Amino acid sequence: MTDRPEVAVVVHAGGRMPPGLDALADEADLRLAGTSAELTAVMPTAEVLAVYDFATTLVRECWPLAERVGWIHAASAGVDAVLFPETVAADVVVTNARGVFDDAIAEYVLGLVLLFAKDLHTTVHLQQRRTWRHRESEMVAGSRMLVVGAGSIGRAIARLARRAGIDVEGIARRERQGDADFGHVRPSSELRDRLADADVVVIAAPLTDETRRMFGREELAAMRPGARLVNVGRGAIVDHEALVEALRSGRLGGAALDVFDTEPLPPDDPLWELPNVVVSPHMSGDFVGWEETLGTQFVENLRRWQRGQQLLNVIDKQQRRSPAGRAP
């Protein structure tokens, strides 16, 4: 490790150096790599990769050129873009932006729950038509929420929902009773059984082999009639066609979707026109100032790297998650 490590910052093609990294001007050699040619040029000498494009394929394409990379940081909660068989097998540490987006996503989810319960989308529509139509709305206090995914984002969702009076239960790989945030975390093997009791099901799990297409026709059919689905995890966790069918049939009361199999969502996708669906462009965690916060987090971790200290948010590469927020 050199005194000034070379850092390849992978961003969207044509992008700019992310805010906050200028603090490293005298501490690291930063190289912007937004295209295949740029990353190809810098990969043989880079010691650290900071990947700001959560959907990029550049890291995998150029990985055979990685001769010195010892640490990859994903400036996102998901690590899909940087975890593939070659990096899992390699002697390379992977970290993510755990903690940056948790509270923002939790607020976003609660906002969507309130939107459906208070029929706010209909209110806005009627206002645009200058139509006065009195209606009754639902109470969220006393309703039941099932959060699929008990990581830091799922826990933030659970804490905020409980403060709103919602009865929350979690689903994770392993059962945990007496959990501080969920009360009870059920094992994923009980997913279908628990779906029937929930008024709102929130997906906040990472995309893994176990969670891919976790919600198919049978799982959607197991949900309580009229229940709502909120997905802030990954689009591929839900069978897209099965979801459209469940919404069109009226069995599901609604869906709020921030993530999709294909992003941007194609303009001819039926989800755009379904009246009981809220489509948002993968923005649930993007609060004002999020880029600066990501920069501050990476700067702190790079300084730890230079001092030979434990890194924050080290990912268990086999489980694709951060077990305790820092290296063991």
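How many residues does region 160-187 contain that are assigned to a helix (DSSP H, G or I) and without any contact (Cβ under 8 Å) to a residue 24 or more places away in the chain?
Step one: filter region 160-187 for residues assigned to a helix (DSSP H, G or I), giving 160-163.
Restricting the remaining residues to those that are without any contact (Cβ under 8 Å) to a residue 24 or more places away in the chain gives 162-163.
Summing the residues that are assigned to a helix (DSSP H, G or I) and without any contact (Cβ under 8 Å) to a residue 24 or more places away in the chain in region 160-187 gives 2.
If only one of 66, 50 is in the same structural domain as residue 12 (by TED's automatic domain parsing), buried (at least 19 other Cβ atoms within 10 Å of the Cβ), touching a residue at least 40 places away in the same chain (Cβ under 8 Å) and not polar (S, T, N, Q), which one is it?
Matching residue, one of 66, 50: 50.
Restricting to region 44-66, what's the tally of residues that are within 22 Å of the chain's Cα centre (by Cα), hydrophobic (A, V, I, L, M, F, W, C) and in a helix (DSSP H, G or I)?
2
Out of the residues in region 53-63 that are under 17 Å from residue 95 (Cα atoms) and not aromatic (Phe, Trp, Tyr), which is surrounded by the most Cβ atoms within 10 Å (Cβ to Cβ)?
Looking at the filtered set, the residue picked out is 59.
Looking at 109, 100, 69, which is the one that is over 30 Å from residue 278 (Cα atoms) and either out of contact with any Lys or Arg (no Cβ under 8 Å at 6 or more places or on another chain) or not in a loop (DSSP other than H, G, I, E, B) (or both)?
The match here is 69.
Name the residue that is surrounded by the fewest Cβ atoms within 10 Å (Cβ to Cβ), counting only residues in region 155-185 that are in contact with a strand residue (DSSP E or B) (Cβ under 6 Å, 6 or more places away or on another chain) and within 15 Å of residue 111 (Cα to Cα).
162
Count, please, the residues in region 14-43 that happen to be in contact (Cβ under 8 Å) with a residue 60 or more places away in the chain and either over 20 Å from residue 299 (Cβ atoms) or more than 24 Å from the chain's Cα centre (by Cα) (or both).
Summing the residues that are in contact (Cβ under 8 Å) with a residue 60 or more places away in the chain and either over 20 Å from residue 299 (Cβ atoms) or more than 24 Å from the chain's Cα centre (by Cα) (or both) in region 14-43 gives 4.
Check 92, 48, 59 and return the single one that is modelled with pLDDT of 95 or more and under 25 Å from residue 260 (Cβ atoms).
Answer to the check: 59.
Which of the residues that make up region 98-107 are out of contact with any helix residue (DSSP H, G or I) (no Cβ under 6 Å at 6 or more places or on another chain) and either of a type in the set (A, V, I, L, M) or surrounded by 22 or more Cβ atoms within 10 Å (Cβ to Cβ) (or both)?
Listed by number, the residues that qualify are 101, 104.
So which residues in region 1-37 are outside any loop (DSSP other than H, G, I, E, B) and touching a strand residue (DSSP E or B) at 6+ places or on another chain (Cβ under 7 Å), if there are any at all?
6, 7, 8, 9, 10, 21, 24, 29, 30, 31, 32, 33
Residue by residue through region 265-278, note down the ones that are in contact (Cβ under 8 Å) with a residue 12 or more places away in the chain and either among the charged types (D, E, K, R) or surrounded by fewer than 16 Cβ atoms within 10 Å (Cβ to Cβ) (or both).
270, 276
Only one of these is among the β-branched types (Val, Ile, Thr), within 26 Å of residue 287 (Cβ to Cβ) and out of contact with any Pro (no Cβ under 8 Å at 6 or more places or on another chain): 100, 42, 93. Name it.
100
Restricting to region 281-303, give me the number of residues that are touching a Leu at 6+ places or on another chain (Cβ under 8 Å) and surrounded by 15 or more Cβ atoms within 10 Å (Cβ to Cβ).
So the count comes out to 6.
Looking at (1) out of contact with any Gly (no Cβ under 7 Å at 6 or more places or on another chain); (2) assigned to a helix (DSSP H, G or I), which is the one condition that is false for residue 296?
Only one criterion is unmet by residue 296, namely (1).
Let me spell it out: the conditions are (1) out of contact with any helix residue (DSSP H, G or I) (no Cβ under 7 Å at 6 or more places or on another chain); (2) not assigned by TED's automatic domain parsing to the domain that holds residue 234, and residue 111 meets all of them except one. Which number is the exception?
For residue 111, the exception is condition (2).
One residue is enough: does region 189-201 have a residue meeting the conditions surrounded by fewer than 24 Cβ atoms within 10 Å (Cβ to Cβ) and farther than 26 Å from residue 138 by Cβ?
Within region 189-201, one or more residues are surrounded by fewer than 24 Cβ atoms within 10 Å (Cβ to Cβ) and farther than 26 Å from residue 138 by Cβ.
Please enumerate the residues belonging to region 114-153 that are touching a helix residue (DSSP H, G or I) at 6+ places or on another chain (Cβ under 9 Å) and in a helix (DSSP H, G or I).
114, 115, 120, 121, 152, 153
The values are calculated or read from the model by the stated rules, or taken from the named source; none is laboratory data. For clarity, every value in this text was computed on a predicted model and none was experimentally measured. Cβ atoms come from the backbone with ideal geometry, glycine included; neighbour counts cover every protein chain shown.
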